[in-house]
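The values are calculated or read from the model by the stated rules, or taken from the named source; none is laboratory data. None of these values were measured; they are calculated from a predicted model. Positions of Cβ are generated from backbone atoms using ideal geometry, with glycine treated the same way; all protein chains shown enter the neighbour counts. Remember, those area values only see protein heavy atoms, side chains included, never the ligands or the DNA or RNA. Shrake-Rupley method; radii C 1.70, N 1.55, O 1.52, S 1.80 Å.
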Amino acid sequence: MGNMPTVLPKDFLLNHINSLYEEGLPSGVFTGVNCLDKIFRLDRGRLLTVTGVPNYGKSEFVDFLVTSFNKRLGWKTLFFSPENQPIELHLSKLVSKFINKPFHKDSISKDELNKSISYISDNFYFFNYQRVRTLEDILREAEAVIRDRGMDVLVLDAYNKIESDIPAGEIETSFISKVLDKLTSFAIKNNILIILVAHPK
């Protein structure tokens, strides 16, 4: 649309509405939970914000979503998730979600564990949180992962764990708005789903 006039012409509008009419409204991606799927769909090129009071399962819900997308669609996920540390704790949660067993050596055999971790490492990527801390770092490295490995979902858990300096004189709500715009543009440009976990103040 960069070469379009400032006011969109009639033929442009007609072409787009006819295209939507012929192809139908996008149905979105099912979450895998029937009651949710009746009211809520996700898709690539979108930003989803998950918020709620601390310790009420936001990270568990996000992990459920991305494992469900992987099982049904083969979607790969990149995690910036300092909330889920240490890394072995996060891995244990993902293993349990994949094989539907509690993470305990009386429930999971060593063979099941090794196969699960091999699969997870091919489909889920994890930032080194000691080296990647700012939004600029995250998006730069995410582009490299998209290019080199393929990636469908970027999880940022949680917003307050991303290092950022609000410019002097800028109101926090204005700064957050710019961050959300940047994430939305990144999702559209790279045709991925971004899931941002945020704790209310």
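Two numbers describe the Cα atoms of segment 15-99: Rg and Dmax, which are 15.9, 52 Å.
Applying 1/(1 + (r/R0)^6) with r as the Cβ-Cβ distance of ASP122 and ARG41 and R0 = 22 angstrom yields a FRET efficiency of 0.25. Zone of SER164 (label point 7 Å along Cα→Cβ, backbone N under 13 Å): which residues in segment 181-196? It comes to 181-185, 196, nothing else. Using all pairs of distinct alpha-carbon atoms, the Kirkwood hydrodynamic radius of the chain works out to 19.0 angstrom. The calculated FRET efficiency for GLU60 paired with ILE171, based on their beta-carbon distance and R0 = 41 Å, is about 0.80.
Excluding residues on the same chain fewer than 8 positions from LYS182, give the lysines whose Cα lies under 20 Å from its Cα. Filter leaves LYS161.
Per residue, the solvent-accessible area of segment 1-47 (1.4 Å probe, heavy atoms of protein chains only, all protein chains present) comes to 85 Å². Highest GNM mean-square fluctuation among VAL50, VAL145, VAL33, for the chain modelled with Cα contacts below 10 Å: VAL33. Largest mean-square fluctuation among ILE171, ILE117, ILE87, in a Gaussian network model of the chain whose springs join Cα atoms under 10 Å apart, belongs to ILE171.
How far apart, in nanometres, would the label points at PHE30 and ASP181 be if each is projected 7 angstrom from Cα along the Cα-to-Cβ direction? That separation, rounded to one decimal, is 3.8 nm.
To put it simply, the accessible area of segment 13-107 at a 1.4 Å probe is 57 percent carbon and sulfur.
Of ASN18, ASN114, ASN190, which has the largest mean-square fluctuation in a 10 Å C-alpha GNM of the chain? Top of the fluctuation ranking is ASN18. Here the relative contact order of segment 58-201, from alpha carbon pairs under 8 Å that lie six or more residues apart, stands at 31 percent. Can you give the net charge of the other residues whose Cβ lies under 11 Å from the Cβ of ASN190, counting K and R as +1 and D and E as -1? Every neighbour counted, the sum reads +1. Roughly how tilted is helix 58-73, in degrees to the nearest 10 and between 0 and 90, from the longest Cα axis of the chain? Once rounded, the angle reads 80 degrees.
Segment 66-144 has equivalent-ellipsoid semi-axes of 25, 15, 10 Å, by the square roots of 5 times the alpha carbon gyration tensor eigenvalues, sorted largest first. Could you state the angle between the C-alpha long axis of helix 172-190 and the longest principal axis of the C-alpha atoms of the chain, as a value from 0 to 90 degrees rounded to the nearest 10? Roughly 90 degrees between the two axes.
For LEU89 and ASP11, what does the FRET efficiency come to when R0 = 41 Å and r is the distance between their Cβ atoms, rounded to the nearest 0.05?
On the way: r = 56 Å, r/R0 = 1.37.
According to the calculation, E is roughly 0.15.
Using a probe of 1.4 angstrom and keeping all protein chains present, the accessible surface of segment 63-201 works out to 54 square angstrom per residue.
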